[in-house]
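Novice: Before we start, here is the structure in question, set down as structure tokens.
The values are calculated or read from the model by the stated rules, or taken from the named source; none is laboratory data. Quantities reported herein were computed from a predicted structural model and do not represent experimental measurements. Here Cβ is always computed from backbone atoms with ideal geometry, including for glycine, and neighbour counts include all displayed protein chains.
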């Protein structure tokens with residue numbers, strides 16, 4: 001009898017520990033991307049370890065340096081020994097190797113490469129410590145009142161804290177201040193030295209309208225995500241929602257919670273399940289100046305390790321007079337329209353594929369179970 005009670009107590013203790021192991025400790029906030037209105041929140045100001053969500057600020061400072069002309073996408077930085085000894089995830093370069101800013105951005109967005117965070121920090125500010133000063137100054141300027149940065153990657157550091165509210169402020173700033181560069185966040189993978197590097201954010205594949213922005217994990221923080229998606233409202237105008245969810249026990253529970261919250265926010269905003277609006281009537285003519293500028297920029301940002309961007313021009317038919325921009329008229333097109341996202345060509349996404357959209361049929365809505373990831 002004594003042994004039975006003893007084993008029963010062990011069993012109950014095991015069940016208790018197992019339940020705690022799988023208990024989520026969420027802190028979250030969801031906001032309307034346009035107005036900044038809070039749609040839902042829970043423990044939004046509670047201090048939490050940010051994990052790799054820190055890299056959002058690292059990327060913000062990279063985009064700022066690009067806009068200020070301090071660097072270009074082709075600028076190369078040397079990998080230091082300090083960068084190589086960072087804990088995974090890493091891109092895995094050796095000390096003395098060089099890598100372009102463009103590939104550093106891709107590595108931060110997809111692989112969440114800690115070695116590349118140190119490389120860019122040293123490249124832009126001469127030291128990690130100097131870069132952290134810039135990170136904290138920018139956080140203060142953006143109104144992030146509860147965040148302290150002590151490294152550019154998010155690996156555990158004493159005193160490095162944030163809140164869900166601060167992280168949604170940063171996500172909105174990235175989209176609002178650098179809308180063109182924000183397109184990097186929707187890269188599902190990029191190719192480096194011939195090898196594919198896949199994005200840890202599986203919600204890019206599983207949630208309608210999702211286009212970024214960053215996931216994170218440490219044992220202290222558990223699974224975090226900063227996410228954004230855009231759909232079309234009942235009035236035909238785009239509606240964007242930002243969400244930050246911290247403290248998921250698994251990436252699956254984190255993604256599920258994020259999807260539930262964002263779906264609820266979209267319903268409140270009367271958004272359709274459609275990711276983008278396709279008009280029945282569009283002008284089917286090419287603007288040579290726009291096409292040329294995209295081609296030139298794509299060529300300028302092309303690295304030798306990446307696949308080439310191919311932009312096909314429409315062949316002009318002989319004997320037909322050229323229509324001026326002022327007199328061009330809308331032309332009816334097929335209900336099924338195949339198009340490419342210009343940002344994917346501009347930023348050289350190797351996996352970009354044409355998207356077929358039926359304008360009379362909404363795209364599927366909602367969350368599809370995602371694979372475990374960080």
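Novice: Please go through the stretch 78-113 and give me each residue that is in a helix (DSSP H, G or I) and in contact (Cβ under 8 Å) with a residue 60 or more places away in the chain, ordered by number.
Specialist: 102, 103, 105, 106, 107, 109 - these are the residues of the stretch 78-113 that are in a helix (DSSP H, G or I) and in contact (Cβ under 8 Å) with a residue 60 or more places away in the chain.
Novice: Still on this model: Being under 16 Å from residue 119 (Cα atoms) and under 15 Å from the mean Cα position of the chain (by Cα) is the filter here; which residues of the stretch 38-85 pass it?
Specialist: Answer for the stretch 38-85, where residues must be under 16 Å from residue 119 (Cα atoms) and under 15 Å from the mean Cα position of the chain (by Cα): 52, 54, 55, 56, 57, 58, 59, 60, 62, 63.
Novice: I'd like to check something: does the stretch 92-99 contain any residue that is assigned by TED's automatic domain parsing to the domain that holds residue 244, surrounded by fewer than 18 Cβ atoms within 10 Å (Cβ to Cβ) and over 19 Å from residue 193 (Cα atoms)?
Specialist: no
Novice: With the condition being crowded, with 18+ Cβ neighbours inside 10 Å and in contact with a strand residue (DSSP E or B) (Cβ under 8 Å, 6 or more places away or on another chain), I'd like the strands (runs of 3 or more DSSP E) fully within the stretch 164-241 carrying at least 2 qualifying residues.
Specialist: 189-192, 210-218, 222-232
Novice: Pairs, please: C-beta under 6 Å, at least 6 apart or cross-chain, first residue farther than 29 Å from residue 156 by Cβ and in the stretch 197-219, second part of a strand (DSSP E or B) and at pLDDT 95 or above?
Specialist: Listed pairs, sorted by first residue: 209/229; 209/230; 209/231.
Novice: Sticking with this structure for a sec: Taking residue 261, is it touching a strand residue (DSSP E or B) at 6+ places or on another chain (Cβ under 8 Å) and farther than 26 Å from residue 105 by Cα?
Specialist: yes
Novice: When you check residue 129 against the structure, is it over 27 Å from residue 46 (Cβ atoms), surrounded by fewer than 20 Cβ atoms within 10 Å (Cβ to Cβ) and assigned by TED's automatic domain parsing to the domain that holds residue 76, yes or no?
Specialist: yes
Novice: Now, a different point. Out of the residues in the stretch 117-147 meeting the condition of being touching a strand residue (DSSP E or B) at 6+ places or on another chain (Cβ under 6 Å) and part of a helix (DSSP H, G or I), tell me which one is nearest to residue 161 (Cα to Cα).
Specialist: 119
Novice: With touching a helix residue (DSSP H, G or I) at 6+ places or on another chain (Cβ under 6 Å) and modelled with pLDDT of 95 or more as the only criterion, which of 212, 176, 216, 159 stands out?
Specialist: None of the others qualify; the one that does is 216.
Novice: Do we have residue 153 as under 28 Å from residue 210 (Cβ atoms) and assigned to a loop (DSSP other than H, G, I, E, B) here?
Specialist: yes
Novice: Among (1) out of contact with any strand residue (DSSP E or B) (no Cβ under 9 Å at 6 or more places or on another chain); (2) over 21 Å from residue 80 (Cβ atoms); (3) buried (at least 24 other Cβ atoms within 10 Å of the Cβ), there is one condition residue 114 misses while meeting the rest; what is its number?
Specialist: Of the numbered conditions (1) out of contact with any strand residue (DSSP E or B) (no Cβ under 9 Å at 6 or more places or on another chain); (2) over 21 Å from residue 80 (Cβ atoms); (3) buried (at least 24 other Cβ atoms within 10 Å of the Cβ), the odd one out for residue 114 is (2).
Novice: Within the stretch 135-176, how many residues turn out to be closer than 15 Å to residue 45 by Cβ and without any contact (Cβ under 8 Å) to a residue 40 or more places away in the chain?
Specialist: 6
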